[in-house]
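Engineer: Please see the structure below; I have some questions.
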Amino acid sequence: MSRASTVFVATCDLAGLTRGRAVPGSEHDPVLRKGVGWVPADLALTAFGDIAEDNPFGSVGDLRLLPDPTTRVEIPATAEIPGVHIYLADQVQLDGTPWDCDPRSFARQALADLREQAGLEVIASFEHEFMLEGLPRTAPFSFERFRSAEPFGSQLIDLLDRAGLEPETWLPEYGEDQFEITVSPTNALIAADRAVLLKELVRETARRNGRRATFAPLVDPDGSGNGVHVHLSFKDIRTGLPVLLDPAAPGRLSSVGARFARGLLAHAGALTAITAPSPVSFLRLTPHRWSAGGAFLAERNREALVRICPTSTIGGADPAHQLNLEYRAADAAANPWLTLGALVRAGLDGLTQDGEQPEVWPEDATEEQLAAVPALPSDLATALDTLEKDDVASGWFAPDLLRTHLAVKRTELALVDGLDDAELCRKVADVY
Ligand code: GLU
Ligand code: MG
């Protein structure tokens, strides 16, 4: 490993931005042991740079960003640009104990509770869409678009591969300038770590090609949205076997899967305040955008909040190892650890409560039939109020974490007050 490269120790904040501090390469080993300093009020930074005033931390307090050695990614140098090592960190107290507002610890604890209370291990993958600005106009899904982005695409796949992110598919998407990148499913905490890292590796590769990538949920009010679809499946911790497939059940979704989805649906409004938390996010979450047009569970329907994904038997593949639930109402303004933790908490609530199984809408459900499904919040302010009023969902978070999230997001809303949709999209796209 090259010792010369700077080491950047990073966290991901409530605006979904990767922030942190660098140390010289000579401090590589010490920083892994001791971490670097960090400030509690950093959690109150909005996407636009201002600190939300109504935060519990003020000017006092100190934390450490303690790197997780397993998250190391090396971005190699080029002739012009120095390389860097990036580590993702837990935000801890000065004695090394977890900070109760740390999003990564929130995810880790939710996964541990699901394991303990339901005997399930989560396998996840975050699927990202983004736009690469400044390319010639090309057709959706076209080979021409694919090639017009070179050498960006091949460099990106190479970088993801070297970083151990296991790239799976790289495709020209439907929207103008839009692409999608998927990585293999893995242990859920690692999947969320990958979601943090992937965005930075995409941005780095774009910069190296004189371009800018944006993951903004919507860049143009009339254009396509950029989603982050979260794929979840589960293994029984005793048998190690996948538990979602039941060929006899509606949608082939086992009782475990249906009850987990029930929790996602029951807390859908509150969840969107975490998973789609920018002022433009809710312009994307409307019907006919193939994002999430309502709070429903459906077989292979891209308008569903929770989609039961397809499986294939080609080449003798086993559907039991493929079936997964896809939560579609997330975007890149969300913190992947908070998203994962909140989805797991909601699912655990569905697993442990008594009640009806949720309706599984079949593939041939008509638009008229689906008109009856509950709507998602129409805007971020409504979603935040829904989270605050949902006693179960608000109880998932340490009080200071919840208060800070609400304050950050309400401050962001105040900072975009008065902008029309196009201006709002532009302002948010400048950040993401
Ligand atoms: N772009 C859509 C979204 O905003 C997703 C399209 C797709 O199914 O890939 O989520
Ligand atoms: Mg897509």
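The values are calculated or read from the model by the stated rules, or taken from the named source; none is laboratory data. Note that the structure is a prediction, hence the values are computed from the model and not measured. Cβ coordinates were reconstructed from backbone atoms using ideal geometry, including for glycine residues, and neighbour counts include every protein chain displayed. Surface areas here come from the heavy atoms of the whole protein model, side chains and all, with no ligands, DNA or RNA. Shrake-Rupley method; radii C 1.70, N 1.55, O 1.52, S 1.80 Å.
Engineer: Quick test for you: out of Arg328, Arg410, Arg426, pick the one residue that is touching a His at 6+ places or on another chain (Cβ under 6 Å) and within 28 Å of Asp220 (Cβ to Cβ).
Structural biologist: Numbers: Arg410 fails: touching a His at 6+ places or on another chain (Cβ under 6 Å); Arg426 fails: touching a His at 6+ places or on another chain (Cβ under 6 Å).
Of the residues listed, the single one that is touching a His at 6+ places or on another chain (Cβ under 6 Å) and within 28 Å of Asp220 (Cβ to Cβ) is Arg328.
Residues checked against (1) under 22 Å from the mean Cα position of the chain (by Cα); (2) of a type in the set (Val, Ile, Thr); (3) surrounded by 23 or more Cβ atoms within 10 Å (Cβ to Cβ); (4) under 18 Å from Leu32 (Cβ atoms):
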residue	(1), (2), (3), (4)
Ile51	no, yes, no, no
Gly58	no, no, no, no
Arg64	no, no, no, yes
Asp68	yes, no, no, yes
Pro76	no, no, no, no
Pro82	no, no, no, no
Asp100	yes, no, no, no
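Engineer: Output yes when any residue across segment 221-231 is open to solvent by 20 Å² or more (accessible area, probe 1.4 Å) and either in contact with a helix residue (DSSP H, G or I) (Cβ under 6 Å, 6 or more places away or on another chain) or more than 16 Å from ligand 2 (Cβ to nearest atom) (or both), and no when none is.
Structural biologist: Yes, segment 221-231 has at least one match.
Engineer: Scan segment 178-196 residue by residue and report those that are crowded, with 20+ Cβ neighbours inside 10 Å and among the charged types (D, E, K, R).
Structural biologist: Matches in segment 178-196: Asp193, Arg194.
Engineer: Within segment 34-45, is there a residue that is part of a strand (DSSP E or B) and in contact (Cβ under 8 Å) with a residue 60 or more places away in the chain?
Structural biologist: The initial filter retains those residues of segment 34-45 that are part of a strand (DSSP E or B), namely 36-38, 45.
Adding the requirement that they be in contact (Cβ under 8 Å) with a residue 60 or more places away in the chain leaves 45.
The answer is yes, given that some residue of segment 34-45 is part of a strand (DSSP E or B) and in contact (Cβ under 8 Å) with a residue 60 or more places away in the chain.
Engineer: Kindly establish whether Gly240 is in a loop (DSSP other than H, G, I, E, B), open to solvent by 30 Å² or more (accessible area, probe 1.4 Å) and either modelled with pLDDT of 95 or more or of a type outside the set (A, V, I, L, M) (or both). Write out each step before concluding.
Structural biologist: Numbers: in a loop (DSSP other than H, G, I, E, B): yes; open to solvent by 30 Å² or more (accessible area, probe 1.4 Å): yes; either modelled with pLDDT of 95 or more or of a type outside the set (A, V, I, L, M) (or both): yes.
Yes, satisfied.
Engineer: Of the residues in segment 385-396, how many are under 25 Å from Arg108 (Cβ atoms) and either assigned to a helix (DSSP H, G or I) or touching a residue at least 24 places away in the same chain (Cβ under 8 Å) (or both)? Steps first, answer last, please.
Structural biologist: Filtering segment 385-396 for residues under 25 Å from Arg108 (Cβ atoms) gives 387-388, 390-396.
Those left that are additionally either assigned to a helix (DSSP H, G or I) or touching a residue at least 24 places away in the same chain (Cβ under 8 Å) (or both): 387-388, 390-394, 396.
Residues in segment 385-396 being under 25 Å from Arg108 (Cβ atoms) and either assigned to a helix (DSSP H, G or I) or touching a residue at least 24 places away in the same chain (Cβ under 8 Å) (or both): 8 in total.
Engineer: Let me ask another. Can you confirm whether Phe130 is more than 30 Å from Pro40 (Cβ to Cβ), within 16 Å of ligand 2 (Cβ to nearest atom) and surrounded by fewer than 20 Cβ atoms within 10 Å (Cβ to Cβ)?
Structural biologist: no
Engineer: Right, Asp236: more than 16 Å from ligand 1 (Cβ to nearest atom) and free of Cβ contacts under 8 Å to residues at least 12 places away in the same chain or not?
Structural biologist: On the way: more than 16 Å from ligand 1 (Cβ to nearest atom): yes; free of Cβ contacts under 8 Å to residues at least 12 places away in the same chain: no.
No, not satisfied.
Engineer: Within segment 208-220, which residues are surrounded by 15 or more Cβ atoms within 10 Å (Cβ to Cβ) and away from ligand 1 (no atom under 16 Å from the Cβ)? If you could, list the steps in order and put the result at the bottom.
Structural biologist: Restricting attention to segment 208-220, the residues satisfying the condition of being surrounded by 15 or more Cβ atoms within 10 Å (Cβ to Cβ) are 208-209, 211, 213-220.
Residues satisfying the conditions are Arg208, Asn209, Arg211.
Engineer: Pairs needed: first member in segment 55-74, closer than 15 Å to Thr404 by Cβ; second member anywhere, open to solvent by less than 40 Å² (accessible area, probe 1.4 Å) and assigned to a loop (DSSP other than H, G, I, E, B); C-beta distance under 9 Å; at least 6 residues apart or different chains.
Structural biologist: Filtered contacts from segment 55-74: Pro56/Cys101; Phe57/Cys101; Leu63/Gly35; Leu63/Trp99; Leu63/Asp102.
Engineer: Taking strands (runs of 3 or more DSSP E) that do not extend beyond segment 102-207, which have at least 2 residues that are under 17 Å from Pro336 (Cβ atoms), touching a residue at least 24 places away in the same chain (Cβ under 8 Å) and within 16 Å of ligand 1 (Cβ to nearest atom)? Full working, then the answer.
Structural biologist: Values: elements: 120-132, 167-172, 178-183.
The qualifying strands (runs of 3 or more DSSP E) are 120-132, 178-183.
Engineer: Only one residue in Leu283, Leu265 is under 20 Å from the mean Cα position of the chain (by Cα) and within 17 Å of Gly347 (Cα to Cα). Which one? Let's see the steps before the verdict.
Structural biologist: Details: Leu283 fails: within 17 Å of Gly347 (Cα to Cα).
Only one candidate passes the filter, namely Leu265.
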